[in-house]
Amino acid sequence: MGRREVVIASAGNRVKTSGSSIKHVELETLKYVSSGYGRYLPDFVLYSTHEPCAMCAGACVWARIGAVVYGVSQEDIAAYGRKRGTEDYKWRACLIPCRLVFEKGNHRIPVTGGFLRQECQKLFIYRAA
(Lines give C-alpha, C1' and ligand atoms only; values in the text may rest on other atoms or scores of the structure.)
Protein backbone atom coordinates (compact mmCIF):
# COMPACT_ATOMS: atom_id res chain seq x y z
CA MET A 1 0.00 0.00 0.00
CA GLY A 2 1.35 3.46 -0.91
CA ARG A 3 2.37 6.07 1.59
CA ARG A 4 0.01 8.95 2.12
CA GLU A 5 1.51 12.39 1.67
CA VAL A 6 0.10 15.40 3.49
CA VAL A 7 1.23 18.96 4.04
CA ILE A 8 1.99 19.35 7.75
CA ALA A 9 3.50 22.83 7.72
CA SER A 10 3.85 25.86 5.52
CA ALA A 11 5.75 29.04 6.17
CA GLY A 12 7.09 32.15 4.52
CA ASN A 13 10.35 34.01 4.59
CA ARG A 14 10.39 36.32 7.63
CA VAL A 15 13.70 38.09 7.03
CA LYS A 16 12.14 41.45 6.16
CA THR A 17 9.29 41.35 8.69
CA SER A 18 11.39 40.11 11.63
CA GLY A 19 14.53 42.15 10.99
CA SER A 20 16.57 38.93 11.35
CA SER A 21 18.75 37.65 8.53
CA ILE A 22 18.26 34.04 9.64
CA LYS A 23 14.46 33.84 9.44
CA HIS A 24 14.57 31.90 6.18
CA VAL A 25 11.49 29.84 5.38
CA GLU A 26 13.40 26.55 5.49
CA LEU A 27 14.71 27.22 9.01
CA GLU A 28 11.29 28.32 10.23
CA THR A 29 9.66 25.20 8.77
CA LEU A 30 12.30 22.81 10.14
CA LYS A 31 11.98 24.41 13.56
CA TYR A 32 8.21 24.02 13.55
CA VAL A 33 8.19 20.44 12.27
CA SER A 34 10.96 19.36 14.67
CA SER A 35 8.98 20.69 17.62
CA GLY A 36 6.20 18.22 16.85
CA TYR A 37 8.02 15.30 15.25
CA GLY A 38 11.46 15.24 16.83
CA ARG A 39 15.02 16.17 16.04
CA TYR A 40 15.44 13.98 12.95
CA LEU A 41 13.03 14.13 10.01
CA PRO A 42 13.93 11.32 7.59
CA ASP A 43 10.31 10.74 6.57
CA PHE A 44 9.70 14.36 5.53
CA VAL A 45 10.20 16.18 2.23
CA LEU A 46 10.90 19.91 2.29
CA TYR A 47 9.36 21.79 -0.65
CA SER A 48 10.55 25.33 -1.32
CA THR A 49 10.10 27.88 -4.07
CA HIS A 50 13.83 28.70 -3.84
CA GLU A 51 16.81 26.39 -3.61
CA PRO A 52 17.92 26.33 0.04
CA CYS A 53 20.95 28.52 0.72
CA ALA A 54 24.04 26.97 2.34
CA MET A 55 22.75 27.85 5.84
CA CYS A 56 19.38 26.21 5.25
CA ALA A 57 20.95 23.23 3.48
CA GLY A 58 23.14 22.74 6.55
CA ALA A 59 20.04 22.76 8.74
CA CYS A 60 18.51 20.09 6.47
CA VAL A 61 21.61 17.94 7.05
CA TRP A 62 21.39 18.39 10.84
CA ALA A 63 17.66 17.55 10.73
CA ARG A 64 18.35 14.54 8.51
CA ILE A 65 15.51 15.61 6.24
CA GLY A 66 14.32 12.89 3.87
CA ALA A 67 14.43 14.93 0.64
CA VAL A 68 14.36 18.47 -0.74
CA VAL A 69 12.36 19.75 -3.72
CA TYR A 70 12.72 23.32 -4.98
CA GLY A 71 11.61 25.51 -7.87
CA VAL A 72 14.20 28.19 -8.67
CA SER A 73 17.94 27.79 -8.15
CA GLN A 74 20.39 30.07 -6.41
CA GLU A 75 21.68 30.90 -9.93
CA ASP A 76 18.15 31.97 -10.94
CA ILE A 77 17.93 34.19 -7.85
CA ALA A 78 21.31 35.80 -8.57
CA ALA A 79 20.38 36.48 -12.21
CA TYR A 80 17.09 38.04 -11.15
CA GLY A 81 18.88 40.20 -8.57
CA ARG A 82 21.34 41.51 -11.15
CA LYS A 83 18.44 42.61 -13.37
CA ARG A 84 15.73 43.61 -10.89
CA GLY A 85 17.34 44.11 -7.49
CA THR A 86 16.99 47.38 -5.62
CA GLU A 87 18.80 48.89 -2.64
CA ASP A 88 15.99 47.70 -0.38
CA TYR A 89 15.52 44.29 -1.93
CA LYS A 90 18.71 42.99 -3.48
CA TRP A 91 17.71 39.37 -4.17
CA ARG A 92 20.97 38.11 -2.73
CA ALA A 93 22.00 34.58 -3.54
CA CYS A 94 24.50 32.22 -1.97
CA LEU A 95 25.98 30.46 -4.97
CA ILE A 96 26.76 27.26 -3.10
CA PRO A 97 24.46 24.55 -4.42
CA CYS A 98 22.47 22.75 -1.72
CA ARG A 99 23.61 19.46 -3.29
CA LEU A 100 27.21 20.34 -2.40
CA VAL A 101 26.30 21.04 1.23
CA PHE A 102 24.37 17.76 1.38
CA GLU A 103 27.31 15.80 -0.07
CA LYS A 104 29.73 17.34 2.42
CA GLY A 105 27.25 16.84 5.28
CA ASN A 106 27.62 13.06 5.34
CA HIS A 107 23.86 12.53 5.01
CA ARG A 108 22.33 11.48 1.70
CA ILE A 109 19.49 13.86 0.83
CA PRO A 110 17.79 13.39 -2.53
CA VAL A 111 17.25 16.72 -4.31
CA THR A 112 14.89 17.68 -7.10
CA GLY A 113 15.47 21.13 -8.54
CA GLY A 114 13.41 23.03 -11.08
CA PHE A 115 10.11 21.65 -9.75
CA LEU A 116 7.35 23.96 -11.04
CA ARG A 117 10.14 26.42 -11.86
CA GLN A 118 8.07 28.66 -14.14
CA GLU A 119 5.28 28.88 -11.58
CA CYS A 120 7.79 29.75 -8.85
CA GLN A 121 9.33 32.42 -11.08
CA LYS A 122 5.91 34.01 -11.52
CA LEU A 123 5.45 34.22 -7.76
CA PHE A 124 8.48 36.47 -7.56
CA ILE A 125 7.70 38.50 -10.66
CA TYR A 126 10.49 36.93 -12.71
CA ARG A 127 10.84 37.94 -16.29
CA ALA A 128 12.42 35.87 -19.05
CA ALA A 129 16.18 36.23 -18.88
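Details
- Helical runs (DSSP H, four residues minimum) scored at -39500 (n - 2.57) apiece and divided by the length of the chain put the mean residue ellipticity at 222 nm at -11000 deg cm²/dmol.
- For the chain, the relative contact order comes to 23 percent (Cα pairs under 8 Å, sequence separation of at least 6).
- Share of Cα-Cα pairs in region 1-71 lying beyond 18 Å, as whole percent: 35 percent
- Protein-only accessible surface order, largest first, of Arg84, Arg108 at 1.4 Å: Arg108, Arg84
- Of Thr49, Thr17, Thr112, the residue with the greatest mean-square motion in the GNM of the chain, using alpha carbon springs below 10 Å, is Thr17.
- Model label sites at Leu95 and Asn13, defined 7 Å from Cα along the beta-carbon direction, differ in position by 1.8 nm.
- Qualifying chymotrypsin sites (Phe, Trp or Tyr not before Pro) in region 20-108, where qualification requires a DSSP coil assignment and no more than 14 other C-beta atoms within 10 Å, comprise Tyr40, Tyr89.
- Judged by a Cβ-Cβ distance under 4.7 Å, the unpaired cysteines of the chain are Cys56, Cys60, Cys98, Cys120.
- Accessible surface for the chain, divided over its residues, is 68 Å² per residue with a 1.4 Å probe.
- Overall Cα dimensions of the chain - principal axes, largest extent first, Å: 45, 32, 29
- Taking the Cα centre of the chain as origin and assigning +1 to Lys and Arg Cβ atoms and -1 to Asp and Glu Cβ atoms, the resulting dipole is close to 100 debye.
- Summary: within the chain, the longest segment free of GluC sites (Glu not before Pro) located in DSSP loops with at most 15 other C-beta atoms within 10 Å is 6-86.
- Applying 0.36 nm per residue to the separation of Ala54 and Asn106 and subtracting their alpha-carbon distance, the gain on full extension is 17.3 nm.
The values are calculated or read from the model by the stated rules, or taken from the named source; none is laboratory data. These numbers come from a predicted model, not from an experiment. In this analysis, Cβ positions are derived from the backbone assuming ideal geometry, glycine residues included, and neighbour counts consider all displayed protein chains. The protein model used for the area step is the full one, side chains on, heavy atoms only, and it has no ligands, DNA or RNA in it. Shrake-Rupley method; radii C 1.70, N 1.55, O 1.52, S 1.80 Å.
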